[in-house]
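The values are calculated or read from the model by the stated rules, or taken from the named source; none is laboratory data. Remember, predicted model here, so these are calculated numbers, not experimental data. Using ideal geometry, Cβ is built from the backbone for each residue, glycine included, and neighbour counts are taken over all protein chains shown. Keep in mind that these areas ignore ligands, DNA and RNA; they rest on the heavy atoms of the full protein, side chains included. Shrake-Rupley method; radii C 1.70, N 1.55, O 1.52, S 1.80 Å.
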Amino acid sequence: MQALNLDYMLGLVPILLGYLPLTLGMAAAGMVCALILSCALAVIRVSRLPVLNQAAQVFISFFRGTPLLVQLFLFYYGLPQFLSFLVSINGVTATIMGLTLHFSAYMAESIRAAITGIDRSQTEAAQSIGMTNAQTMRRIILPQATRVATPTLMNYFIDMIKSTSLAFTLGVTELMGATQKEAASSFLYFEAFLVVAVIYWIIVEALSWCQKRLEKRLNRAYQR
Amino acid sequence: MIALKGITKRFGEHTVLDGIDLSLERGEIIVVIGPSGTGKSTLLRCINFLERPDAGQLKVGDLSVDAARAKNEDILGLRRRTAFVFQNYALFAHKTALENIAERMIVVEGLSKNDAHARAREILERIGLADKADAYPAALSGGQQQRIGIGRAMAAKAEVILFDEPTSALDPEWVEEVLALMKQLAAEQQTMIVVTHEMQFAREVADRVVFMDGGRIVEQAPPSELFTNPKDERTRSFLRKVLAGNAPAAT
């Protein structure tokens, strides 16, 4: 058994960190888009808007029911066959699109659960003082639902960061893609993938720490 | 000033309100009593369309609404002319006492946050909770929460405040402070309709007591008359039951 090549591992760190902005950028863009889309889906589901509600249900069912990798291939390799304007789609855009659609399906369900979990009497109280449905949603329900949904949404964000590694299957050289290339030229597969695993791990740990701080802040109103 | 005519509400086959007629003058205080499940709360909830009446006319202040044809703007109009106090307080859990009271002024009246908070502070003074301005509902006792609930209703400067069993969910130790605040409002000539089981409150404060049974108003009279000389047998039987429970133990 040979020893780990520590020098190689240390040298790899700065090289791989250079790809971190792309990885985090894709995750951040995906998260922002997914938040907007999932809030819209959740509100459609909760208010049972005709037609849109059924469409949302099919959307959620499809994107939860199929693997993310399959969805990415479908967008990147499949769709341009029919939609010619997608021929020029690059791997980064396709990844962000895929992450958005895939995760918004999951997030919509947890946001919906958070909304329906808010005591119905608060909705009535808001209505009784003459607030419109939109005002009630924006000022009373969503702020409270946000607090309930935050831990779950943070978990999805963490999951999304890890899922950006699938972009390498679309030819994107992000953190995972770069590691793969380095490993292929050095043949030090174990070292290379161990380094990238530790990088992902540290990012996730840092985010979990932020998550705890955030939850504490959001729970301020509920301390007795 | 407030007039209900033929208010009817059905839940499926069951008729909860069977053509209610009721009118109030400005400053009048009406207490609605009656057995559980006779539609007292539903009547209140129909006045601001938390329940949509199936038929009937409502007039609150300068607004007349035909229930069967009510549009969104009618419903908002009714809600902006009335205020509601809930049995379970229904405070906004993510807002402080001050913010709960100021919310309507900011969102509905369009006041600036500063002006709204200043006015909300005045209301907190009046309800004796100035020191709780920054407390969240979870940190308040039931009695304090309900007083904030009443403060929120006061902030509406509504034509009428509708009280839906405001003390029923309270531990006995908090009932008095809430009733005291309601008496204070009554003394200020606030028009109100109160659904309650507090007979003593009805006796002391009501201008008129309305007895409901089976979705109808059976009889209505000033408390001195209704409590001492009820005309209908159903009223007599109801009063016998509740007053027997309230009477001091015989020695």
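Brief remarks follow.
- In the context of the full set of protein chains, the stretch A:20-172 has a per residue accessible area of 45 Å² (1.4 Å probe).
- Database remark: amide H of B:Asp213 closer than 5 angstrom to the amide H of B:Val218 (H placed geometrically; neighbours at sequence offset of 5 or more, or on other chains; Pro and chain starts carry no H).
- On the protein assembly as shown, 56 percent of the accessible area sits on carbon and sulfur atoms, based on a 1.4 Å probe.
- Rg over Rh [alpha-carbon atoms, Kirkwood Rh] for the stretch B:135-191: 0.96
- Solvent-accessible area lost on pairing A with B (1.4 Å probe, both sides summed) amounts to about 2100 Å².
- Nonlocal amide H pairs with B:Ala55, under 5 Å, H built at 1.01 Å: B:Thr8
- For B:Val32, distant residues with modelled amide H under 5 Å away: B:Val194, B:Val195, B:Thr196, B:Val210
- A:Lys212/B:Glu188 FRET efficiency (R0 60 Å; Cβ-Cβ; nearest 0.05): 0.75
- Taking the C-alpha atoms of the protein assembly as shown, convex hull volume expressed per residue in Å³: 226 Å³
- With a threshold of 20 Å on the Cα-Cα distance, the over-threshold entries among B:Lys183/B:Lys231; B:Lys132/B:Lys183; B:Lys157/B:Lys183 are B:Lys183/B:Lys231; B:Lys132/B:Lys183.
- Choice from A:Phe63, A:Phe190, A:Phe157 with maximal GNM fluctuation in chain A (Cα, 10 Å cutoff): A:Phe190
- Kirkwood radius for chain A, taken over all pairs of different Cα atoms as the inverse mean of 1/r, rounds to 19.8 Å.
- Per-q log10 I(q)/I(0), chain B, q = 0.10, 0.14, 0.15 Å⁻¹ (Debye; single scatterer per alpha-carbon; no solvent): -0.49, -0.96, -1.09
- With R₀ fixed at 60 Å, the C-beta to C-beta distance from A:Phe190 to B:Ser112 puts the FRET efficiency at about 0.40.
- Projecting the Cα atoms of A:Thr100, A:Leu166, A:Trp201 onto the dipole axis of chain A, where Lys and Arg carry +1 and Asp and Glu carry -1 at the beta carbon, places A:Thr100 farthest toward the positive end.
- Exposure ranking of B:Glu51, B:Glu176 by accessible area [1.4 Å probe, largest first]: B:Glu176, B:Glu51
- In chain B, Cα pairs under 8 Å separated by at least six residues give a relative contact order of 25 percent.
- Taking one quarter of the surface of the C-alpha convex hull of the stretch A:1-134 gives a mean projected area of 14.2 nm².
- Taking N as its residue count, the alpha carbon Rg of the stretch B:112-251 over 2.2 N^0.38 Å: 1.22
- Distance (nanometres) between label positions extended 7 Å along Cα→Cβ at B:Arg121 and A:Leu86: 5.9 nm
- Fraction of the pair-distance distribution of the stretch B:60-106 above 14 Å, Cα-Cα pairs, percent: 62 percent
- P(r) tail fraction, the stretch B:20-141 - alpha-carbon pairs more than 18 Å apart, %: 63 percent
- Shape parameters for the stretch A:73-174, alpha-carbon atoms, Rg then Dmax in Å: 19.1, 56
- Chain-alone versus full-assembly comparison, the stretch B:86-113, residues with accessible loss of at least 40 Å² (1.4 Å probe): B:Phe86, B:Phe92, B:Ala93, B:His94, B:Glu103, B:Val107
- Relative contact order of the stretch B:1-135, taken over Cα pairs closer than 8 Å and 6 or more residues apart, is 18 percent.
- Computed on the stretch A:76-133, the Cα convex hull volume stands at 124 Å³ per residue.
- Contact order normalised by residue count of the stretch A:20-172, Cα under 8 Å, 6+ apart, percent: 36 percent
- When chain B is treated as a GNM with alpha-carbon contacts under 10 Å, the residue of B:Phe163, B:Phe49, B:Phe84 showing the greatest mean-square fluctuation is B:Phe49.
- FRET efficiency estimate (nearest 0.05) - Cβ-Cβ, B:Asp207 to B:Ala68, R0 35 angstrom: 0.70
- Per-residue accessible area (protein heavy atoms, 1.4 Å probe) orders B:Lys183, A:Lys181, B:Lys9, A:Lys212 as A:Lys212, A:Lys181, B:Lys183, B:Lys9, starting from the largest.
- Residue by residue, the stretch A:161-176 carries 3J(HN,Hα) couplings of 4, 5, 6, 4, 4, 5, 4, 5, 6, 9, x, 8, 8, 9, 3, 5 Hz when phi is fed to the Karplus relation 6.51 cos²θ - 1.76 cosθ + 1.60 (θ = phi - 60°); x denotes Gly or Pro.
- Threshold 20 Å² - residues in the stretch B:20-62 whose accessible area is reduced by that much or more when the chain is no longer isolated, probe 1.4 Å: B:Arg45, B:Leu50
- Derived scalar couplings ³J(HN,Hα) [the stretch B:86-97; Karplus, 6.51 cos²θ - 1.76 cosθ + 1.60; whole Hz; x for Gly, Pro]: 8, 4, 9, 6, 6, 6, 6, 5, 9, 10, 6, 3
- For the stretch B:26-39, 3J(HN,Hα) computed residue by residue from phi via the Karplus equation (6.51, -1.76, 1.60; θ = phi - 60°) reads 4, x, 7, 10, 10, 10, 9, 10, x, x, 4, x, 9, x Hz, glycine and proline entered as x.
- Solvent-accessible ranking of A:Ile44, B:Ile193, A:Ile15, largest area first, probe 1.4 Å: A:Ile15, A:Ile44, B:Ile193
- Taking the C-alpha atoms of the stretch A:162-220, convex hull volume expressed per residue in Å³: 73 Å³
- Between the stretch A:97-129 and the stretch A:33-61, the alpha-carbon center distance in angstrom: 10 Å
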